Amino acid sequence: MKTTLLQLSVTLTLIFGAVTTSYAQGIVGAWEGTLEAQGAKIPLVFEISMEGDAFSSTMDSPSQGAMGIPMDVTTFIDNILTLEFKQAGIKFVGTLENSTVTGTFYQGPNEMPLSLTKTVKTLPGNTALPTSDAELEQLANWDPVNYKYAVEDYFARPKARSFGFSPNGTYLSYREKDENKKNHVYVKNLKTEEVTQVIEEKEELIRGFGWANDNRLIYVMDKGGNEDYHLFAVNLDGSNQKELTPFEGVKVNILENLKEDKDHMIISMNKNNPQIFEPYKINIESGELEQLYKNDDAANPINSYVFDKDGKLRGFSKMRDGVYIDLYYTLDNENYAVKKELSWKDSFAILSFNYASSNPHEAYVLSNLNSDKTEIYLYDLKEDKVIKKLYANDNYDVSGMSLSEHRNHELDYFSYEGEKQNIIPVSDYYKKLHKKITSKFPDYSYSITDYTEDESKYLIFLQSDKLYGTYYAYDAKKDKFKLLYNLMPNLLENDMAEMRPISFKSRDGLTIHGYITLPKEAIDGKKVPVIVNPHGGPQGIRDSWGFNPEAQLFASRGYATLQVNFRISGGYGKEFLESGFKQIGRKAMDDVEDGLQYVIDQGWVDKDNAAIYGGSHGGYAVLRGLTKTPDLYACGVDYVGVSNIFTFFESFPEYWKPYREIVKEIWYDSDVPEEKAIMEEVSPVFQIEKIKKPLFVVQGANDPRVNIDESDQIVSALRNKGYDVPYMVKYDEGHGFAKEENSIALYRSMMGFYAKHLTKKFDQPIKD
């Protein structure tokens, strides 16, 4: 199997080489160079250290977010430096002359020249900019201490969560938090009640886990939020733990579980080229890989694969000229031919083959080729024609469906999201189950999060705008519901705020939907401060009804929360989606402003006390709002937001680069003079002089999507003009904070910021 440059692994014991100290000091330190491989330039940084007569080293690949990778051989003898990573077949040998190490980088049979020069290794971004912890604590202290619920009540992780049955129903897996806020994975034998810790969470977070088969679990981790996910597996008793994809700088996606082949699953990795993903069958015991198809056309890469339940590759979608997508399909499982030529804006997704049919080419398809809203069809892929339209909704995109493998792949239900999530039962079996659940829990939205292969046991998750979440177990044979776990019993439903769906007309006549979460003071007729919260994305993303910890925290302090599904949001059809293309920062922001005016007109909120807060695109919207309508908001909180569209495009992670032309059609194209001028107009960093109101900026240093430079730029520019801009940076986080302690620190400082600048009820911190 060919080994590529990016197969740089972790968790290996260091092997140290010996050397006399007379040579040592010249090689100790950080060394940087750029490797040219497969047409790409890949910066590398080696950090060499020495303890006694022994060397050790690590490697960084900053462009891929891979940092601190330990090399397992480091020697420096007679001015010759050797660095080796045996498992990945990687080796560097170079000679130190003056201040340069000149040598060769070996990777399997490949040899590439590489020169290293001495550098100073630093943390990401400008480390002089972040506000100190002491100053951020002082900011947090503006928030009063006499509220019934603290920030921790909303953002501490539940004691236990993420429950799931083993396929045969013998075991229950779940996460449980210890006193150090580490969330380990446990397995409980439902017959004996015996509990075993199977995965220990250490420094890096367990980003997700689940059952691969009845005896083995899989889980994924990255490094500090860099999103280069690695796949691991472990037996249900905690033994035979193995990293299945030990390739640094490589991201893993899980494609298929292969229930018909319980020792394997199908994944994709950007192992051979950082920009594109290829499919592999992986043995979950040994980690043995079999590449299933080559995705070797970097200019026109495959961006999705279609497998059947047996793991056969039946089709794939291949990009063409950056903005077109060709659907390839096979009739003989060997030769693939173009079945449809689509625009990237079209939806034609094969949800599942119809295994209940004698026609092997019959499939359930989600499509909007003949409609504004996505609809579900039964489709003949061989004949390329619709057999039957199965379900459509006049107002919303249909989002999914469910089949029962146990009942010969019977169609159970369709689903779509309107003001709330909606389930449309189809089969007689599911109609009865749906009625049982909705009759038992009439005031809640439900989802079936798991069930056993024989459908004898179900895990049902209940939620509402006022309920954080509760798990119930349903025994189908006994027809009994049992409370399994209340995730946040301390948050009493009667104390939580109401989230109301709203709709209004934009200034140019579009119908816009959204939500307003109202504290009790607003329900009682008082005009309250409001936090306007544009969502991320922005394309295809939307806000939803349900329990929102942020909105509930804000309501506990007397603030309403406004969430607007502005044009370009998903779920409302392609016309609505496309009406927001090339309107980011313009008409999309108009919709947010019109939503604010609507809730002001309803008498719910105080027009002079509106803040704006958001993450990712929502963070961009904060900065754009403070520059576009500088008198509209009292203050803003920018969380991992874009400040400069030009540099945002330049800092794309490698696997985003094939989609650059699509992003240009959604955002703007700097090669078009008129659009370049718009980019300058709507990039907040070029409109600094318009910002009049206080701003709080928050960033994860390892963010691969919105580089830390985006936040550094805006903070530096404002401070150069004399503004006091608190700036929180966490060096162990990426695109949004995942660690509990960091989330709590963020919201404590945020609530202090609002208390200081939004309500203006206080002229000094509440606590010293």
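Which residues, counting only those in the range 131-144, are part of a loop (DSSP other than H, G, I, E, B) and either open to solvent by 40 Å² or more (accessible area, probe 1.4 Å) or closer than 26 Å to Trp31 by Cα (or both)? Ser132, the sole residue that qualifies.
The number of residues in the range 463-486 that are of a type in the set (D, E, K, R), in contact with a strand residue (DSSP E or B) (Cβ under 6 Å, 6 or more places away or on another chain) and touching a residue at least 60 places away in the same chain (Cβ under 8 Å) comes to 1. Once the range 396-436 is narrowed to residues that are surrounded by 19 or more Cβ atoms within 10 Å (Cβ to Cβ) and touching a helix residue (DSSP H, G or I) at 6+ places or on another chain (Cβ under 6 Å), the residue that is nearest to Pro501 (Cα to Cα) is Tyr413.
One line per residue, one yes/no per condition, for (1) of a type in the set (Ser, Thr, Tyr); (2) in a loop (DSSP other than H, G, I, E, B):
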{"position": "Tyr219", "(1), (2)": "yes, no"}
{"position": "Gly225", "(1), (2)": "no, yes"}
{"position": "Phe232", "(1), (2)": "no, no"}
{"position": "Asn240", "(1), (2)": "no, yes"}
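One residue alone among Arg567, Arg557, Arg542 is of a type in the set (Lys, Arg) and either at pLDDT below 95 or crowded, with 23+ Cβ neighbours inside 10 Å (or both), and that residue is Arg567.
Select from the range 326-335 the residues that are in contact with a Lys or Arg (Cβ under 8 Å, 6 or more places away or on another chain) and either assigned to a loop (DSSP other than H, G, I, E, B) or under 15 Å from Glu383 (Cβ atoms) (or both) and list them in ascending order. Lay out the reasoning, then the answer.
Of all residues in the range 326-335, those in contact with a Lys or Arg (Cβ under 8 Å, 6 or more places away or on another chain) come to 326-331, 333.
Once the filter is applied, which keeps residues that are in contact with a Lys or Arg (Cβ under 8 Å, 6 or more places away or on another chain) and either assigned to a loop (DSSP other than H, G, I, E, B) or under 15 Å from Glu383 (Cβ atoms) (or both), the range 326-335 yields Leu327, Tyr329, Thr330, Leu331, Asn333.
As a summary of the residue check, Val93 satisfies the conditions (1) touching a residue at least 40 places away in the same chain (Cβ under 8 Å); (2) in contact with a Ser or Thr (Cβ under 6 Å, 6 or more places away or on another chain); (3) closer than 24 Å to Ile42 by Cβ except for the one numbered (1).
Name the strands (runs of 3 or more DSSP E) wholly within the range 263-306 that hold at least 1 residues that are more than 29 Å from Leu236 (Cα to Cα)? Talk me through it step by step, then tell me what you get.
Details: elements: 264-269, 278-283, 289-291.
The qualifying strands (runs of 3 or more DSSP E) are 278-283.
With respect to Tyr154, determine if the residue is open to solvent by less than 40 Å² (accessible area, probe 1.4 Å) and not in a loop (DSSP other than H, G, I, E, B). Here the answer is yes, as Tyr154 does meet what is asked. Screening the range 336-355 for residues that are in a loop (DSSP other than H, G, I, E, B) and aromatic (Phe, Trp, Tyr) and picking the one that is surrounded by the most Cβ atoms within 10 Å (Cβ to Cβ) gives Trp344.
State all residues of the range 589-616 that are open to solvent by 10 Å² or more (accessible area, probe 1.4 Å) and either of a type in the set (A, V, I, L, M) or within 20 Å of the chain's Cα centre (by Cα) (or both); if no residue qualifies, say none.
Going through the range 589-616, the residues open to solvent by 10 Å² or more (accessible area, probe 1.4 Å) turn out to be 590, 593-594, 597-598, 600-604, 606-609, 615-616.
Of everything in the range 589-616, those that are open to solvent by 10 Å² or more (accessible area, probe 1.4 Å) and either of a type in the set (A, V, I, L, M) or within 20 Å of the chain's Cα centre (by Cα) (or both) turn out to be Ile600, Gly615, Ser616.
Counting residues that are charged (D, E, K, R), which helices (runs of 4 or more DSSP H) fully inside the range 616-721 reach at least 2? By residue number, 617-628, 660-666, 673-682, 708-720.
Apart from one condition, Pro630 fits all of (1) over 27 Å from the mean Cα position of the chain (by Cα); (2) surrounded by 21 or more Cβ atoms within 10 Å (Cβ to Cβ); (3) not basic (Lys, Arg); the exception is (2). Residue pairs whose Cβ atoms lie under 6 Å apart, separated by 6 or more positions or on different chains, with the first residue in the range 183-196 and part of a strand (DSSP E or B) and the second open to solvent by 90 Å² or more (accessible area, probe 1.4 Å), are His184/Glu200; Thr196/Asp237.
Does Ile90 fit the bill of being surrounded by 14 or more Cβ atoms within 10 Å (Cβ to Cβ), within 21 Å of Val252 (Cα to Cα) and modelled with pLDDT of 80 or more? Explain how you work it out, then say what you get.
Values: surrounded by 14 or more Cβ atoms within 10 Å (Cβ to Cβ): yes; within 21 Å of Val252 (Cα to Cα): yes; modelled with pLDDT of 80 or more: yes.
Answer is yes for this residue.
From the list Pro167, Pro124, which one is assigned to a loop (DSSP other than H, G, I, E, B), open to solvent by less than 30 Å² (accessible area, probe 1.4 Å) and touching a residue at least 60 places away in the same chain (Cβ under 8 Å)? Step by step, each of Pro167, Pro124 is checked, and only Pro167 is assigned to a loop (DSSP other than H, G, I, E, B), open to solvent by less than 30 Å² (accessible area, probe 1.4 Å) and touching a residue at least 60 places away in the same chain (Cβ under 8 Å).
Within the range 6-54, how many residues turn out to be in a helix (DSSP H, G or I) and modelled with pLDDT under 50? Lay out the reasoning, then the answer.
Start the filter on the range 6-54 by keeping residues that are in a helix (DSSP H, G or I), which leaves 21-27.
If we keep only those that are modelled with pLDDT under 50 too, we end up with 21-23.
So the count comes out to 3.
The values are calculated or read from the model by the stated rules, or taken from the named source; none is laboratory data. This is a predicted model, so every value here is computed, not measured. Counting neighbours? That spans all protein chains shown, and the Cβs are built from the backbone with ideal geometry, glycine included. All accessible areas refer to the heavy atoms of the entire protein, side chains included, with ligands and DNA or RNA removed. Shrake-Rupley method; radii C 1.70, N 1.55, O 1.52, S 1.80 Å.
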